[in-house]
Amino acid sequence: MTTHRTGTRDEWLRERLALLEAEKALTRQSDELARRRQALPWVPVEKTYRFQVADGENVISVDSELENQLGFDRPVNWAEHATIGSPFLASGETVVDLSGSRSRTRPYDQPMNGPSVRRLPPDKGFTWPLAPGLHGESIDLRETPENAHYLDYATTLMDPDRELEWATALNKKKHLLLGYIFRRVEYPWLQYWGNYPPTGKFSRGMEFGTQPFDVPRREAIGMGTLFGTPTYRWLPAKSKITTRFVVFYTRVPEGLQKVDGVRIENGEIVIEDRAARKEVRLAATVHLQP
């Protein structure tokens, strides 16, 4: 037999209205707590850079450090936004080479309308540097295009069999070379984008980083992996992670048309064009161990 009390309809209504007021007060209190929670100050991820240059060398060593001041792990996206532009970047003159092959074009929903158009289809795999074109043609992404009115975007997974990766931009007419060397464990991806408007004022990204595409962090984390490689990196609680990369800039001998390899040995950076039998050696007292 139930022991729950009974009452009239009027008694139930009176008590129910009183309870409703208490429920409303609790809701207002919960809303206020949520507002105060959202207003808590953000604790930033602190990033610092240190540059090292030795007298008489064409090499810069860049150390970076990322610090998590919070008490829990954080997923992070981290890229070094290496970019070249006009007049160094010019049609028929400037080529890009890198130590990777497995690649994919950036996904997108709509083609572009305007003075610049896309020439690469969305979300298509290819082997660097020959990418598929929108109309079935093959596009050499090493080259800076003629008749420019294009916007390209793709990513390349750096060579998993290498410890040190590299990317270079060579102006064959000016005989000038810019390059980067970095550790694959820190930067497994190289994002390539090319902005080639009809004005001829070009820019091109060679962005090496922890993610394949320049997308919001939630999207990069949601992707998880591409080609079996993570698309983000974890920054542990109350910890720091450090990286180091090297930038070099030099004149090259006439006849050097492409870069097949870049390595560090015996205190030098060695740049090779094997087909032309050309080699450049740069003094480099810096190393790639943080």
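What follows draws every value from the coordinates through simple rules; no lab data is involved. Worth saying up front: this structure is predicted, and the values here are computed from it rather than measured. Here the Cβ is made from the backbone with ideal geometry for all residues, glycine too, and neighbour counts use every protein chain on show.
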Rounded to two decimals, the Debye log10 I(q)/I(0) of segment 151-290 (Cα scatterers, no solvent) at q = 0.21 Å⁻¹ is -1.34
Summarise the long-distance tail of P(r) for segment 45-132 by giving the % of C-alpha pairs beyond 20 Å.
67
Under a Cβ-only charge scheme (Lys and Arg +1, Asp and Glu -1), can you give me the dipole magnitude of segment 187-246 about the Cα centre, in debye to the nearest 20?
280
From the residues Val247, Pro160, Phe213, which one has its Cα farthest along the dipole of segment 141-290 in the positive direction, the dipole being from +1 and -1 charges on Cβ of Lys/Arg and Asp/Glu about the Cα centre?
Val247
In µm²/s, what is D for segment 145-209 at 20 °C and 1.002 mPa s, where D = kT/(6 pi eta Rh) by Stokes-Einstein and Rh is the Kirkwood radius from Cα pairs?
162
Find the all-direction average of the projected area of the Cα convex hull for segment 92-157, expressing the result in square nanometres with one decimal place.
4.5
Over the residues of the chain, compute the C-alpha Rg and express it relative to 2.2 N^0.38 Å.
1.45
In degrees, nearest ten, helix 9-38 long axis to first principal axis of the chain (Cα):
20
Given charges at beta-carbon only (K, R positive; D, E negative), |dipole| of the chain in Debye:
580
Return the Rg/Rh ratio of segment 1-105 with Cα-based radii and a Kirkwood Rh.
1.42
Could you tally the net charge around Arg104, taking each other residue with its Cβ under 13 Å from the Cβ of Arg104, Lys/Arg +1 and Asp/Glu -1?
+1
Hey, if you drop one equal point scatterer on each alpha-carbon of segment 1-40 and run the Debye formula without solvent, what base-10 log of I(q)/I(0) do you get at q = 0.20, 0.24, 0.26 Å⁻¹?
-0.69, -0.79, -0.84
Run the numbers on the chain and let me know its relative contact order in percent, using alpha-carbon pairs under 8 Å that are six or more apart.
22
With only helices counted (DSSP H, runs n ≥ 4, each -39500 (n - 2.57)), the per-residue ellipticity at 222 nm for the chain, to the nearest 500, works out to -4500 deg cm²/dmol
For segment 211-289, take every pair of Cα atoms, bin their distances at 5 Å starting from 0, and report each bin as a whole percent.
3, 11, 15, 12, 12, 12, 15, 12, 6, 1, 0
Any idea what the dipole of segment 94-169 comes to, in debye rounded to 20, about its Cα centre with Lys/Arg Cβ at +1 and Asp/Glu Cβ at -1?
260
Rounded, prolate or oblate (a/c below 1.5 giving rounded, otherwise prolate when a/b exceeds b/c) for segment 49-207 by Cα gyration tensor:
oblate
